[in-house]
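This report refers to the structure that appears directly beneath it.
The values are calculated or read from the model by the stated rules, or taken from the named source; none is laboratory data. What you see is a predicted model, and the numbers here were worked out from it, not measured in a lab. Because the Cβ atoms are built from the backbone with ideal geometry, glycine has one as well, and the counts that use them run over all protein chains shown.
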């Protein structure tokens, strides 16, 4: 699965590497009503294709084509796949969803705002209504990775550099309700995106590096590097077999664990620790409409 935050489109491709993000919507005034879709169509997709796309559109519209129910849930509730616990096997079934919210809410993703945007909240309500989804949050002891320096006392690797971008100003502007810069502008790259064996990261602290590594490793990653300040990097690696996708980089590159040591001077150590999870208590197949 790939998550690429560009031009308001979220692409999820089963053949690529999943990447989490540190983005969300600026806080909403407490007197605003809870976002919801005015109208929504939910239909099974039986095409047999393995790729899916979720696309926010102007005017409060959302289209989700060929999306697994499990993918819809993880997107709506902002959790990684390994954080979703329980549920029947048919959560791998794919659906097409076309829905519209009232007005034209801002559903852009801005670094540092780690909360659901209005469209994600509306999708939560749709899942609760149409799929009768009931979930609860828990903390469980699980296998995790600790992110540390590859060589104690040594500095970052060649591709890991202290940022010169002012991403804090961009996040502050979002908190004041200002829209993010349009795609293609000269604004700094803030956040992270990746897939197909490439991960790009900009203007965020080492704790966010740990979160970015949650997708490629399939585990929660905690920061124990001791790095301070904000960082930029790009790392390339050979994606796991069968998960490269059409835009994969050179398959002869080292695996992810080796690549971050060589290119970033970082290392992942296996350990155990508490992980916040989302537990499915109940879900039903919807009636197509």
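Here are the numbers:
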quantity: Members of segment 34-56 that are within 13 Å of residue 102 (Cα to Cα) and either modelled with pLDDT of 90 or more or surrounded by 14 or more Cβ atoms within 10 Å (Cβ to Cβ) (or both); calculated: 35, 36, 37, 38, 39, 40
quantity: Residues that are at pLDDT 90 or above and more than 22 Å from the chain's Cα centre (by Cα), drawn from segment 239-266; calculated: 253, 254, 258, 261, 262, 263, 265
quantity: Residue check, residue 80 within 30 Å of residue 267 (Cβ to Cβ) and touching a helix residue (DSSP H, G or I) at 6+ places or on another chain (Cβ under 8 Å); calculated: yes
quantity: Helices (runs of 4 or more DSSP H) wholly inside segment 127-234 that include at least 1 residues being at pLDDT 90 or above; calculated: 206-212, 214-217
quantity: Among (1) at pLDDT 95 or above; (2) in the same structural domain as residue 158 (by TED's automatic domain parsing), the one test that residue 279 misses; calculated: (2)
